[in-house]
Amino acid sequence: ACTGIENIDEAITLLEQNNWDLVAAINGVIPQENGILQSEYGVETLHGPAYGPSSHSAAASSAPSSSSAFRHVVPSRQIVERQPRMLDFRVEYRDRNVDVVLEDSSTVGDIKHILENELQIPASKMLLKGWKTGDVDDSTVLKSLHLPKNNSLYVLTPDLPPPSSSHSGALQESLNQNFMLIVTHREVQREYNLNFLGSSTIQEVKRNVYDLTSIPVRHQLWEGWPSSATDDSMTLAVSGLTFPCHRLTVGRRSSPVQTREQSEEQCTDVHMVSDSDGDDFEDATEFGVDDGEMFGVASSALRKSPMMPENAENEGDALLQFTAEFSSRYGDCHPVYFIGSLEAAFQEAFYGKARDRKLLAIYLHHDESVLTNVFCSQMLCAESIVSYLSQNFITWAWDMTKEANRARFLTMCTRHFGSVVAQTIRTQKTDQFPLFLIIMGKRSSNEVLNVIQGNTTVDELMMRLMAAMEIFSAQQQEDIKDEDEREARENVKREQDEAYRISLEADRAKREAQEREMAEQFRLEQIRKEQEEEREAIRLSLEQSLPPEPKEESTESVSKLRIRTPSGEFFERRFLASSKLQVVFDFVASKGYPWEEYKLLGTFPRRDVTQLDPNKSLLEVKLYPQETLFLEAKE
């Protein structure tokens, strides 16, 4: 505010050179910046080096009192040009580290051109990552990013093939992996589960832990880092951490007790700079100097950790930080906040069975409201309120302090509740926060039953919660009745559908059985026909193979056989006495009585002719000159 210096790194350097004497630092910088110093007695031109002892003494002698250092500086045409600020970059690419030093007036593209010569990689193929402000383009001026003096970046080349070395490929893969760090805060015995990419640095981890624990980076005492993690600019991928999960412990480093005079001087310094731009001091941790710690006071005296990170991508992670910060501020007796997105909270509260549904309570926090601390500590954390909320409500929370988070919630509010409710919340003034929204889920929409402002009492808050619960209970009974009737109708329909299904199954089984029976009958009929055709073919073959029947007047010995069938029919034939018994068997088979199925029996004496040797002649088996035989089916 006094010197026009906006770069906090330069300001801290000036303070260190002047032993943290604020007045001396301002008087030492004004001659270089503007060439003049306004005093109560006129304007006096000063010359000399910017940061040397002579400039300090000259400035001190020219000012009649310390108050003159805080008078508005009158611009002059004789302004001495400021020396350019140099920035150091350590750029990591696969297994190489490249150090780049540039002026803050350079662009991101200038860094790429230097890396192009060092790494032999076209600048168009590079993705330069590691910027704390997100992705930037080549035309971005480094000064606009408000970078610290020392920076760590890394290069990705997705369009280039990976190197043949397996080590380089493993390193590139590790840079893209997610490491979970389980950090235990030793003093309060609380664990934080933090997810970081392998490309994140150890310094980034320590700064995030500072946001959670309020322990400045330079006062953090760590346990659990691998022995190879010797540099805070080192990425997690190469630090030797256990993947995917690694445990660490952090505590506050003990510091010497300050004297009363030092405390008074530090308090005075704080008052001296209290009117300067707060954003500069929020960035102090980027350069190893913490908010409030610059002047020797605890950081909590100047700021509190945010309830929720700004522009949080994951609502669940944001709610985890909100719950942890709420517990650290107001104790463990507080409502159980639902961890997840607003849509998930709707699902939990409204879309279960009617008997299990609950009201949804949305708590909207605002750190800049004068009512917040009283509302949270005395009303929201009251045991009666906590118990009633846990039994009857799903409680979801959001922090409206940051403008980005406020805009995000208003977008969600418009989508789920309509523009009227969103406009109502948008018009609420800061001092009307915190707000408590009571939401009831209906069949096709979500209804806001009540909007409770922070200027209330425990009794009034309880009464309004109970009133909302009465409205919800009446609606819930109707929903339960409708659901029971619907379930009864669905049960009847299910029973009818089941009976119909069973009937269809029975009909189908009966039809399939009939089809199988018909198929079996057809198969047997086919077999029978084939067997008959085969037997008929055999019979015809045998009939054709029989020798001709000898005539009665034949000069050779002739045997006359008379054969009786099982049906009582007779058939006769003459055979030569010298013919083999097999010829008789073939004759009988040609009549449809194969000897495999029928026995040929003689009468006197009774004998089974089929048991005789078929190669013997009729004369040998005594079937000469004539014989009567009987056919009998074999068992």
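List the residues whose amide H sits under 5 Å from the amide H of R94, counting only those 5 or more places along or on another chain, with H placed 1.01 Å from N in the peptide plane.
V155
Using the per-residue mean of other Cβ atoms lying within 10 Å as a proxy for protection, in what order, highest first, do the peptides 508-520, 396-408, 242-254 fall?
Working: 508-520: 10.0, 396-408: 19.2, 242-254: 14.2.
Top of the packing list down: 396-408, 242-254, 508-520.
What is the dipole size for the stretch 520-589, taken about its Cα centre, with +1 at each Lys and Arg Cβ and -1 at each Asp and Glu Cβ, in debye to the nearest 20? Please list the in-between numbers first.
Working: 12 positive and 15 negative charges, 60 e Å.
About 280 debye.
Quick one: plug the Kirkwood hydrodynamic radius of the stretch 389-526 (C-alpha pairs) into Stokes-Einstein at 37 °C, 0.692 mPa s, and report D in µm²/s. Provide the component values of the computation, followed by the final result.
Details: Rh = 20.5 Å.
After rounding, the answer is 160 µm²/s.
Residues with beta-carbon under 14 Å from that of F522, excluding F522: net charge, scoring Lys, Arg +1 and Asp, Glu -1? Write out the running numbers ahead of the final one.
Numbers: positive: R516, R523, R528, K529; negative: E515, E517, E520, E525, E530.
Around F522, the surrounding residues sum to -1.
Sort 120-128, 431-439 by the packing proxy (mean of other Cβ within 10 Å over each peptide's residues), most packed first. Show your work: numbers first, answer last.
Numbers: 120-128: 14.3, 431-439: 20.9.
My ranking of the peptides, most packed first, is 431-439, 120-128.
Amide H to amide H under 5 Å from V558: which residues, 5+ apart in sequence or cross-chain, H placed 1.01 Å off N in plane?
Long-range HN contacts for V558: A577.
How large a share of the accessible area of the stretch 170-252, in percent, is made up of carbon and sulfur atoms when the probe is 1.4 Å and the other protein chains stay in place? Please list the in-between numbers first.
Values: 1800 of 3750 Å².
Roughly 48 percent, rounded to a whole number.
Where does each of Y93, Y598 land when they are ordered by accessible area, with a 1.4 Å probe and the largest first? Spell out each step's value before the answer.
Working: Y93 20, Y598 50 Å².
I get Y598, Y93, largest accessible area first.
At what distance in nm do the modelled label points of V238 and L524 sit from each other, each positioned 7 Å from its Cα along Cα→Cβ?
Here the answer is 8.7 nm between the modelled labels.
Can you spot the lysines whose alpha carbon is less than 23 Å from K143's alpha carbon? Ignore those fewer than 8 places along the same chain.
Within the straight-line cut-off, K143 pairs with K112, K129, K132.
Say each of R574 and S445 gets a label point 7 Å from the Cα, pointing the same way as Cα to Cβ; how far apart are those two points in nm?
Output for this residue pair reads 12.0 nm.
Got a sec? Charge dipole of the stretch 170-252, +1 on Cβ for Lys and Arg, -1 for Asp and Glu; which of Q177, S228, V217 is way out at the positive end?
Of the listed residues, the answer is V217.
List the trypsin sites (Lys or Arg not before Pro) in the stretch 538-635 that DSSP assigns to loop (not H, G, I, E or B) and whose Cβ has at most 14 other Cβ atoms within 10 Å. Which are they? If you can, show how the numbers build up before the last one.
On the way: sites: R539, K551, K560, R562, R564, R573, R574, K580, K591, K599, R606, R607, K616, K622, K634; in loops: K551, K591, R606, K616, K622, K634.
Answer by residue number: K551, R606, K616, K622, K634.
Using 1/(1 + (r/R0)^6) with R0 = 22 angstrom and r between the beta carbons of A229 and L194, what's the FRET efficiency to the nearest 0.05? All intermediate terms of the calculation are to be shown ahead of the outcome.
On the way: r = 16 Å, r/R0 = 0.72.
It comes to 0.90.
Could you work out the equivalent-ellipsoid semi-axes for the stretch 170-252, taking the square root of 5 times each eigenvalue of the Cα gyration tensor, largest first, in whole Å?
Gyration-tensor ellipsoid for the stretch 170-252: 21, 13, 11 Å.
Check the straight Cα-Cα distances from K622 and name the lysines below 30 Å, setting aside those fewer than 8 residues away within the same chain.
K551, K560, K580, K591, K599, K634
The values are calculated or read from the model by the stated rules, or taken from the named source; none is laboratory data. Quick caveat: nothing in here was measured; it's all calculated off a predicted structure. Here the Cβ is made from the backbone with ideal geometry for all residues, glycine too, and neighbour counts use every protein chain on show. When the accessible area is computed, the model is the full protein with side chains, heavy atoms only, and any ligands, DNA or RNA have been set aside. Shrake-Rupley method; radii C 1.70, N 1.55, O 1.52, S 1.80 Å.
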